[in-house]
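All remarks here apply to the structure that follows.
The values are calculated or read from the model by the stated rules, or taken from the named source; none is laboratory data. Computed from a predicted structure; not experimentally measured. Neighbour counts are summed over all protein chains in view; Cβ atoms, including those assigned to glycine, are modelled from backbone coordinates with ideal geometry. Accessible surface areas use protein heavy atoms only, side chains included; no ligands, DNA or RNA. Shrake-Rupley method; radii C 1.70, N 1.55, O 1.52, S 1.80 Å.
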Amino acid sequence: MTTSALPPTLPEPPVVQTTRWLLRPISFLESARRRFGDAFAVQFLGFQSPMVMISDPEAIQALYTERAHGLPPGRTLALQPILGSRSVLLLEGREHLARRKLMLPPFHGERMRRYEATVAEVVARDVETWPVGTPFAIHPHMQAVTLEVILRAVFGVTDEQRRAALTERLRRLLSAGASVGLQFRVMIARRLGGPDPLERLQGLLADIDELLAAEIADRRADPREDILSMLVGATFEDGDPMDDREIRDQLMTLLLAGHETTATGLAWTFDLLLRHPHVLERLVAAVDAGEDAYVRAVVSESLRLRPVVPLAGRRLASELRVNGHVLPAGTDITPAIWLAHTRADRYPEPYAFRPERFLERAPATYAWVPFGGGVRRCLGASFAEMEMRVALTEILRRRTLEPGKSRAERVARRNVTFSPEKGTLVVARPRS
Ligand code: HEM
């Protein structure tokens, strides 16, 4: 096979590529695949070099199994002002690995069982506030649930007043960060200079930091079962613990990485279930029978067909061979997760919602990458899957669900996620 350096770069001007990516990401990705196949390069506005997108599982495996690769600039640009400079999501190399080691044990799959009751309780309470028999958007409810779950299970905030104060400020921060307009302004400010559009969030961030500092101090004085207590007690290899400022960065990271993503995963799951009544019926039967396998399969299939995070890229530390190209060190490259998940060679009838495909076989590691992969794979993957399973179970035990509108949701970008445009409208009624 002949080899070349970069795969073909989309010929449209960067402003056109960026606009299509932000406004119609799925048609953008699908048309690039139709034109160029498994690998192509995209030129986003404000970025100096193109971003190579791949979707072949072997190429993804080659990318993710090399531990030395760094991060492309996009992640840091959008997130550093909020997450802080020592966030595990943003550090690279040895500094990153040291945090991973320290933060992984509290997120180990086995430990997640102890948080199931918290999720169940939060969901059950939220369901009581749902309208009966009239359409409403379920996404905001899932956001409220996942935010409260993180504040309780991860941060361990038990004081109602403090939780209310944090919730209110975090909601404002998250909705400010979600707008496509803001993302445009950040990209343009990077390209043309001028005032930092994130500047006006500084006051809000200072308030949030103060509330978090109080929680950290409390947990130092009186450790409990929550993840924050474990982080406060954990030490690096040299025996030093994380200082308060760093713990603050990791808390913001867990919050931002874990809240919107899980809520959106749930909103998509409901949209898919509502469009596939036979799957919903089978799921309700499984929930009633206390059978977990189908619930798991539904979660895996939803994350396949509607991956919440579209990109999880790297900057190459060394040459990488993919699809007949030899990409030099320094290239920015990412799996296009949507394309990886809709390959007909890996998933027969790739656009069909069929949880059964995961009943016999768990998803293949590099053909199913909703949580990224390798040494940067999502730290909260077990937590998120547990939360989605418990939320689905608790909701379907209590309510029947019908679609609140006739058409499936379109994919819209929200923050770094692919999100249901109208928030998944449902009509719910108590089960008799
Ligand atoms: C359905 C829900 C979720 C999805 C789809 C998701 C997806 C992702 C993806 C794609 C990455 C980047 C991985 C990579 O670069 O290879 C990531 C990283 C991360 N996620 Fe998640 N996530 C979810 C839930 C959570 C939750 C609940 C938490 C924590 C409470 C969390 C914490 C993190 C952290 C800390 C990282 C950074 C890992 C690192 O850079 O080493 N995520 N997540």
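A few notes on this one:
- Residue within the stretch 382-394 that is away from the ligand (no atom under 13 Å from the Cβ), open to solvent by 10 Å² or more (accessible area, probe 1.4 Å) and over 14 Å from residue 312 (Cα atoms) present: yes
- Test: residue in the stretch 363-376 that is open to solvent by less than 20 Å² (accessible area, probe 1.4 Å), near the ligand (Cβ under 9 Å from one of its atoms) and among the charged types (D, E, K, R): no
- Taking every residue in the stretch 371-386 that is closer than 22 Å to residue 68 by Cα and pairing it with any residue that is more than 6 Å from the ligand (Cβ to nearest atom) and open to solvent by less than 30 Å² (accessible area, probe 1.4 Å), at least 6 positions away or on another chain, the pairs with Cβ-Cβ distances below 7 Å are 371/381; 373/60; 373/64; 374/64; 379/103; 379/107; 380/107.
- Within the stretch 368-432, strands (runs of 3 or more DSSP E) holding 1 or more residues that are among the small types (Gly, Ala, Ser): 411-414, 417-420, 425-430
Yes/no per residue for (1) under 21 Å from residue 412 (Cβ atoms); (2) open to solvent by 10 Å² or more (accessible area, probe 1.4 Å); (3) assigned to a strand (DSSP E or B):
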| residue | (1), (2), (3) |
| --- | --- |
| 297 | no, no, no |
| 317 | no, yes, no |
| 326 | no, yes, yes |
| 343 | no, yes, no |
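- Residue check for residue 49: surrounded by 15 or more Cβ atoms within 10 Å (Cβ to Cβ), part of a loop (DSSP other than H, G, I, E, B) and out of contact with any Cys (no Cβ under 6 Å at 6 or more places or on another chain): yes
- When restricted to residues that are touching a residue at least 12 places away in the same chain (Cβ under 8 Å) and acidic (Asp, Glu), the stretch 304-331 contains 0.
- Residues that are in contact with a helix residue (DSSP H, G or I) (Cβ under 6 Å, 6 or more places away or on another chain) and open to solvent by 10 Å² or more (accessible area, probe 1.4 Å) within the stretch 210-228 comprise 211, 220, 223, listed in sequence order.
- Out of 354, 429, 407, 413, one residue alone is open to solvent by 20 Å² or more (accessible area, probe 1.4 Å) and within 16 Å of the ligand (Cβ to nearest atom). It is 413.
- Residue ID - most open to solvent (accessible area, probe 1.4 Å), chosen from residues in the stretch 146-173 that are part of a helix (DSSP H, G or I) and of a type in the set (S, T, N, Q): 161
- Elements of the type helices (runs of 4 or more DSSP H) sitting completely within the stretch 59-145 and holding at least 2 residues that are touching a His at 6+ places or on another chain (Cβ under 9 Å): these cover 116-127.
- Looking across the stretch 11-43, the residues that are more than 21 Å from the chain's Cα centre (by Cα) and assigned to a loop (DSSP other than H, G, I, E, B) come down to 11, 12, 13, 37, 38, 43.
- Conditions (1) touching a Ser or Thr at 6+ places or on another chain (Cβ under 7 Å); (2) open to solvent by 10 Å² or more (accessible area, probe 1.4 Å); (3) modelled with pLDDT of 95 or more; number of the one not met by residue 288: (1)
- All of 76, 65, 118 fail the test of being among the hydroxyl-bearing types (Ser, Thr, Tyr), within 14 Å of the ligand (Cβ to nearest atom) and within 20 Å of the chain's Cα centre (by Cα), apart from 76.
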